[in-house]
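Everything on this sheet refers to the single structure shown next.
Read-outs: derived from the displayed coordinates by stated rules, not from any lab. Source: prediction; values computed, not measured.
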């Protein structure tokens, strides 16, 4: 079976990936939030960011490596990518 090469696009911080599904590390640290937006995800005034991936966290490199953070967006067709804004209480569409 032939597979097309994945296309990656620069992350715009729309929050789609993290709001759609909390990562393993977020669930591990906040098991009570497994079905809600992870407490580590925050809006910085212009984009979403994750506290676990920030340079000040000593585990940041480890988390970034395993989550492939910074390697580009694979969900480029989602509508949030074109409309980056706070998403209080919104669910991410699952068909992208």
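Who wins for biggest fluctuation among 41, 66, 29 in a Gaussian network model of the chain, springs between alpha carbons below 10 Å?
Top of the fluctuation ranking is 66.
With an 8 Å Cα cut-off and a minimum separation of 6 or more residues, compute the relative contact order for the chain in percent.
Working: 106 pairs, mean separation 35.1, N = 96.
With pairs under 8 Å counted, the relative contact order is 37 percent.
Out of 58, 79, 39, any idea which swings most in a Gaussian network model of the chain, alpha carbons joined below 10 Å?
Its mean-square fluctuation being the largest, the pick is 58.
How long is the gain from residue 29 to residue 7 if the chain were fully straight, where each residue apart is worth 0.36 nm and the alpha carbon distance is subtracted? Intermediate values should be presented prior to the final figure.
Details: separation 22, 0.36 × 22 = 7.92 nm, distance 3.10 nm.
Going from the current span to full extension adds 4.8 nm.
So what is the 222 nm mean residue ellipticity for the chain from helices alone, if each DSSP H run of at least 4 adds -39500 (n - 2.57) and you divide by all residues, rounding to the nearest 500 deg cm²/dmol? Could the numbers behind the result be given before it?
Working: 3 runs with 19 residues, N = 96.
Result for the chain, helices only: -4500 deg cm²/dmol.
Convex hull over the alpha-carbon atoms of the chain: what's its volume per residue in Å³? Let's see the in-between values first.
On the way: hull volume 12.1 nm³, N = 96.
Measuring per residue, one finds 126 Å³ for the Cα hull of the chain.
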